[in-house]
Amino acid sequence: QILYSTKALQSNLSSLQQNVESLKLDMRLSLKTYNTNKKLYNIGGISKEKLDLSQIVYEQKRAKYLSNLDQIEAKRFELQSQQSLLKSKEQLKTYYTIYAPIDGVVEKVIANIGDLTSVNKPLITLISKEQELTFSFASELIKQGQEIYIDSEKIGEVSFISPSTQNYLKVANIKLDK
C-alpha cells in the first residue's frame, strides 16, 4: 500500500512539474501583455480599466504559478516521507521474517499468521530431509568418511568428528542414507 502511494505521489509530482512549465510561460506572456499595456496607457493608447485588467490577469497567473511551486515542494516532502516509511517497513520485514533452523518438510503448524505466541514456543514442527545420528566413542579406530553398517547393511557414514570431548569421549555424527 505504501509502495502504491509512493508511485502515485511520484506521478502526481511529475504532472505538477509539467504543469508548472506551462503556467510559467502563461505568466510570462501575461507580464509581457501588462508591460505593453502600461506603455500604451502612458501614451494614451488604452484605458485605465484595460491596464488594470491586464495587471489583475498577470497577478492571478503569477499567484497560480507560485501556488503550483508550493504544491510541488509539499509533494516532494510528502514523497520523501513515504519513501522513508517504505524503507523502514522494508527493514522491519527482515526483522519479522522467521527462518527455519534446518531444511525440511512442515509436519504440523502450531501457530498461524496473526496468532500471539510466547518466546521459545515452536511455531511449526519440521521433519528434516537429512537425518543424522550423534554418538560418543572412545576408540581411535573411527574416522571421518568411514561407512557405518548394521547387520551388514550400510546405513550411512561418519560425517563429522568433534575435536572436543564430552565426558572424556569423542563425539561423531553419522549422516544416514535413508
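Just give me the residues in the stretch 1-38 being more than 25 Å from Lys64 (Cβ to Cβ) and out of contact with any helix residue (DSSP H, G or I) (no Cβ under 8 Å at 6 or more places or on another chain), in sequence order. Across the stretch 1-38, the qualifying residues are Gln1, Tyr4, Lys7. The C-beta contact set for the stretch 158-177 (first residue more than 16 Å from Ser139 (Cβ to Cβ) and free of Cβ contacts under 8 Å to residues at least 24 places away in the same chain, second residue hydrophobic (A, V, I, L, M, F, W, C) and part of a strand (DSSP E or B), distance under 8 angstrom, 6+ apart or interchain) comprises Phe160/Ala172; Ser164/Val171; Asp177/Ile155. Of all the residues in the stretch 114-133, those that are within 30 Å of Leu176 (Cβ to Cβ) and either assigned to a loop (DSSP other than H, G, I, E, B) or open to solvent by less than 90 Å² (accessible area, probe 1.4 Å) (or both) number 13.
The rows are residues; the columns are (1) of a type in the set (Phe, Trp, Tyr); (2) out of contact with any strand residue (DSSP E or B) (no Cβ under 8 Å at 6 or more places or on another chain).
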position	(1), (2)
Tyr99	yes, yes
Pro122	no, yes
Ile155	no, no
Tyr168	yes, yes
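Considering each of Leu85, Leu40 in turn, give the residue that is assigned to a helix (DSSP H, G or I) and surrounded by 15 or more Cβ atoms within 10 Å (Cβ to Cβ). Spell out the reasoning first.
Numbers: Leu85 fails: surrounded by 15 or more Cβ atoms within 10 Å (Cβ to Cβ).
Result of the check over Leu85, Leu40: Leu40.
Glu132 - would you say it is charged (D, E, K, R), in contact with a strand residue (DSSP E or B) (Cβ under 6 Å, 6 or more places away or on another chain) and closer than 19 Å to Leu169 by Cα? Yes; evaluated as a whole, the condition is true for this residue. I'd like to check something: does the stretch 57-77 contain any residue that is more than 30 Å from Leu9 (Cβ to Cβ), open to solvent by less than 60 Å² (accessible area, probe 1.4 Å) and free of Cβ contacts under 8 Å to residues at least 40 places away in the same chain? Taking every residue of the stretch 57-77 in turn, at least one turns out to be more than 30 Å from Leu9 (Cβ to Cβ), open to solvent by less than 60 Å² (accessible area, probe 1.4 Å) and free of Cβ contacts under 8 Å to residues at least 40 places away in the same chain. Any chance you could count how many residues in the stretch 97-113 are farther than 27 Å from Glu157 by Cα and in a loop (DSSP other than H, G, I, E, B)? Here the count works out to 7.
Kindly evaluate Ser47 against the criterion of being in contact with a Phe, Trp or Tyr (Cβ under 9 Å, 6 or more places away or on another chain) and surrounded by 10 or more Cβ atoms within 10 Å (Cβ to Cβ). The answer is yes for Ser47. Restricting the stretch 137-163 to residues that are assigned to a strand (DSSP E or B), open to solvent by less than 70 Å² (accessible area, probe 1.4 Å) and over 15 Å from Leu176 (Cβ atoms), the residue that is modelled with the lowest pLDDT is Phe137.
The residue of the stretch 88-113 that is most open to solvent (accessible area, probe 1.4 Å), among those that are modelled with pLDDT of 85 or more and among the hydrophobic types (A, V, I, L, M, F, W, C), is Val109.
The values are calculated or read from the model by the stated rules, or taken from the named source; none is laboratory data. From a predicted model like this one, the values you see are computed outputs, not experimental measurements. Because the Cβ atoms are built from the backbone with ideal geometry, glycine has one as well, and the counts that use them run over all protein chains shown. With ligands, DNA and RNA removed, areas are computed over all heavy atoms of the protein, side chains included. Shrake-Rupley method; radii C 1.70, N 1.55, O 1.52, S 1.80 Å.
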